[in-house]
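> This is the structure I have questions about; it appears just below.
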Amino acid sequence: MKAQLIWIALLSLATTRATPAVLTKEINTIEDDSECKPLVIAHRGASGYVPEHTLGSYSLAIAMGADYIEPDLVMTKDGHLISRHDNELGLTTDVSERPEFASRRRNQTVDGTELDGWFTEDFTLEEIKTLRVVERIPDIRTGNTRMDESFSILTFQEIIDLAKGFQNSVKRVIGVYPEIKHSTHFRRIGLPMETLVVDTLHRNGYEGQHAPIYIQSFEVSNLKELKKITNLKLLQLFESDKSLQPADQKELGTKLTYGDMATADGLKEVATYAYAVGPDKSFIIPRTSENKLGSATSFVDDAHNAGLKVHPYTFRAENAFLPAEFQTADKLPASLGNLKGELEAFLEAGIDGLFSDQPDIPINMRTSCVLKAN
């Protein structure tokens, strides 16, 4: 009953729009987030419990004690930053059930993948705000589907306002960890995001490496561009398939792959523009042919030797995502297994932080720690 009441209270809070708050300089900067180990980044909010990228998901993550909340950023037709996992809206909203938008459905290629659906760049912000969010993986997170259509899509500014409003009330720093999605695609269609993201963060008082901000991307050129226009912390993401190229590198005609970037020399190059790296967790401990954890690689040591922090993704509690030895006996994809066991192996490997859909689990594993203001 207590847990149910907490949920009701959080969801009631989450369905109201956060009141913007102006932060003092002191609470808008941190001493050193490496004091919190592992640093816990709520992946799309507490998306294991509430549909991702919603006020409910972010609010619950903050209440659980997450150090950072992580919005994925895409663009609207009229140039607004909004939070969606991808620019295709069919998987995460009710757009397919909206007859007024039926004609917007189309095919296009994004980062080399042909997609069919509805795309954020074909909608104004006013139109986006009429859509309602649904659970992205309903077969695995059936409980989340009970909240389908309870939330609207958030702008980047609304997420910043939420973090500021909460941290002024809970008296701890709450970081924001945005990912710029499909940078090359949006730049090609005349909707570049990088300067807009930086201007939004600077306007809200986030400047320098002591700000509780990381900007992340799977691409390379945009991070190098960001390095020239901001001192905020940057993180280079790595796709799970080492043979793949970042979308910008493929377009530029280079031969650079994520595997190349993950070598000791490659990580030294990444360190010339990034503060940290966010690899798929298989770069650190790959799975065996039996879907069990294998032996740790040298990735963490190589990254640390290059001066980089290591924040792997994504830690999830459902059997569908866990190594075989940490799954429940029933092996049902939606059953919650032993995420703590998997996390212990990665902490032993020396990671500095992690992305999790269930941020309460890694938070409860560490000693008490909150981001301290300068």
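Read-outs: derived from the displayed coordinates by stated rules, not from any lab. All of these numbers come straight from a predicted model, not from anything done at the bench. Neighbour counts run over all protein chains shown; Cβ positions are idealised from the backbone, glycine included.
> Within the stretch 27-48, what residues put their amide N at less than 17 Å from the label point 7 Å along the Cα-to-Cβ vector of Leu347?
34-42
> Do any trypsin sites (Lys or Arg not before Pro) in the stretch 294-341 lie in a loop, going by DSSP, with at most 16 other beta-carbon atoms within 10 Å of their beta carbon, and if so which?
Lys331
> For the stretch 255-295, what does the equivalent ellipsoid look like in terms of its semi-axes, each the square root of 5 times an eigenvalue of the Cα gyration tensor, given largest first in whole Å?
Computed over the stretch 255-295, the values are 24, 11, 8 Å.
> Same structure again: For the pair Asp116 and Lys37, what calculated FRET efficiency results from E = 1/(1 + (r/R0)^6), where r is the Cβ-Cβ distance and R0 = 30 Å, to the nearest 0.05?
Here the calculated transfer efficiency is 0.10.
> Still on this structure, please answer the following. Fewest to most neighbouring Cβ within 10 Å: what's the order for Arg136, Arg146?
Listed from fewest to most nearby Cβ atoms, that is Arg146, Arg136.
> Amide H to amide H under 5 Å from Thr93: which residues, 5+ apart in sequence or cross-chain, H placed 1.01 Å off N in plane?
HN-HN under 5 Å from Thr93: Val134.
> 5 Å is the cut-off here: which amide hydrogens, built 1.01 Å from N in the peptide plane, fall below it relative to Val110, excluding neighbours closer than 5 in sequence?
Residues meeting the amide H criterion: Leu115.
> I've got another one for you. Given the stretch 38-173, report the % of alpha carbon pairs whose separation exceeds 24 Å.
That fraction is 31 percent.
> Of the listed pairs Lys228/Lys372; Lys171/Lys233; Lys77/Lys228; Lys129/Lys340, which have alpha-carbon separations greater than 32 Å here?
Where the Cα-Cα span goes over 32 Å, the pairs concerned are Lys129/Lys340.
> Another question, if that's okay. Compute the whole-percent fraction of alpha carbon pairs in the stretch 80-121 spaced more than 12 Å apart.
The calculated P(r) of the stretch 80-121 puts 58 percent of pairs beyond 12 Å.
> Given Cα pairs under 8 Å that are at least 6 residues apart, what percent is the relative contact order of the chain?
21 percent
> Based on alpha-carbon positions alone, could you give the equivalent ellipsoid semi-axes of the stretch 271-330 from the gyration tensor, as √(5λ), descending, whole Å?
Square roots of five times the eigenvalues give 27, 13, 7 Å.
> Hey, what do the phi angles of the stretch 46-61 turn into as Karplus ³J(HN,Hα) couplings, whole Hz, using 6.51/-1.76/1.60 and θ = phi - 60°, x for Gly and Pro?
8, 6, x, 10, 9, x, 5, 6, 10, 4, x, 5, 5, 5, 5, 4
> Need one number: convex hull volume per residue for the stretch 213-314, Cα atoms only, in Å³.
93 Å³
> In nanometres, what is the gap between the two model label sites at Ile189 and Lys372, each 7 Å from Cα along Cα-to-Cβ?
4.6 nm
> So if we plug the beta-carbon distance of Asn305 and Leu336 into 1/(1 + (r/R0)^6) with R0 = 41 Å, what FRET efficiency do we get, rounded to 0.05?
Result of the calculation: an efficiency of 0.65.
> Given 10 Å bins starting at zero, what is the percent of C-alpha pairs of the stretch 117-251 in each, up to the one with the largest pair distance?
Pairs per bin, as whole percents: 10, 31, 37, 21, 1.
> Listing Asp241, Asp302 from the residue with the fewest other Cβ atoms within 10 Å to the one with the most, what is the order? Intermediate results must be reported in sequence, preceding the final value.
Values: Asp241 12, Asp302 19.
By the 10 Å Cβ count, ascending, the order reads Asp241, Asp302.
> All other residues with a Cβ under 12 Å from the Cβ of Gly341 taken together, and with Lys, Arg as +1 and Asp, Glu as -1, what is their net charge?
-2
> HN-Hα J couplings of the stretch 339-345 from phi, Karplus 6.51/-1.76/1.60, θ = phi - 60°, integer Hz, Gly and Pro as x?
4, 4, x, 5, 4, 4, 5
> Quick one: work out the % antiparallel among DSSP beta bridges in the chain, nearest 5.
35 percent
> Using a 10 angstrom cutoff on alpha carbons, build the Gaussian network for the chain and name the most mobile of Asp72, Asp248, Asp199.
Asp199
> Treating each Cα of the chain as an identical point scatterer and ignoring solvent, apply the Debye formula and state log10 I(q)/I(0) at q = 0.06, 0.09, 0.15 Å⁻¹.
Log-scaled intensity ratios, in q order: -0.21, -0.49, -1.54.
> Counting only residues 5 or more places away or on other chains, whose amide H sits under 5 Å from the amide H of Leu308 once H atoms are built in the peptide plane?
For Leu308, whose amide H was placed from the backbone, there are no distant partners under 5 Å.
> Place the peptides 292-299, 73-80 in order of packing, highest mean first, counting for every residue the other Cβ atoms within 10 Å and averaging per peptide. It would help to have the intermediate numbers written out before the result.
Working: 292-299: 15.5, 73-80: 20.6.
Answer by packing, highest mean first, reads 73-80, 292-299.
> Output the relative contact order of the stretch 82-162, whole-number percent, from Cα pairs under 8 angstrom with separation of 6+ residues.
Once normalised by length, the contact order is 34 percent.
> Okay, next question. Roughly how far apart, in whole Å, are the Cα centres of the stretch 154-202 and the stretch 21-90?
8 Å
> Per residue of the stretch 359-366, in order, report the coupling 6.51 cos²θ - 1.76 cosθ + 1.60 (Karplus, θ = phi - 60°) as ³J(HN,Hα) in whole Hz, putting x for Gly and Pro.
Values per residue, Gly and Pro as x: x, 4, 5, x, 4, 6, 7, 9 Hz.
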